[in-house]
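Below is one structure, written out as structure tokens; the observations come after it.
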Amino acid sequence: MVVSLATGPTPVTTTVIPSRSESLFLKLTAERISTRMKGIAIVSAFIQKELDPNTAKAIMTEIMEMIQN
């Protein structure tokens, strides 16, 4: 679980509960959401195996589309 706060130019991010894998993906997701929303983002995900770059990009695109609407 990652928490990110973006009230200024740079988001502040911290790991609340360390993940076994894909911690960078969770951090980037939290930072992008908090920056877009100009607030707090709490991100948690259960990812069984390592994500390939195309899958990670597709997931991030879907999440950002949800945020925009």
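Looking only at region 41-53, decide whether some residue is open to solvent by 70 Å² or more (accessible area, probe 1.4 Å) and of a type in the set (Gly, Ala, Ser). Please lay out each step first, then the result.
Taking region 41-53 first, the residues open to solvent by 70 Å² or more (accessible area, probe 1.4 Å) are 42, 44, 46, 48-50, 52-53.
Remaining after also requiring of a type in the set (Gly, Ala, Ser): 44.
Checking region 41-53: at least one residue is open to solvent by 70 Å² or more (accessible area, probe 1.4 Å) and of a type in the set (Gly, Ala, Ser).
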Item to check | Residues located in region 15-52, provided they are part of a strand (DSSP E or B) and within 20 Å of Asn69 (Cβ to Cβ) | outcome: Ile40, Ala41, Ile42, Val43
Item to check | Condition broken by Ser4, with the remaining ones in (1) out of contact with any helix residue (DSSP H, G or I) (no Cβ under 7 Å at 6 or more places or on another chain); (2) surrounded by 17 or more Cβ atoms within 10 Å (Cβ to Cβ) satisfied | outcome: (1)
Checklist outcome for this item: Per the list (1) open to solvent by less than 100 Å² (accessible area, probe 1.4 Å); (2) within 12 Å of the chain's Cα centre (by Cα), residue check on Arg36 breaks on (1)
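The values are calculated or read from the model by the stated rules, or taken from the named source; none is laboratory data. This one's a predicted model, so the numbers in the text were calculated from it and none came from an experiment. Counting neighbours? That spans all protein chains shown, and the Cβs are built from the backbone with ideal geometry, glycine included. These accessible areas exclude ligands, DNA and RNA; they are computed on the full protein's heavy atoms, side chains included. Shrake-Rupley method; radii C 1.70, N 1.55, O 1.52, S 1.80 Å.
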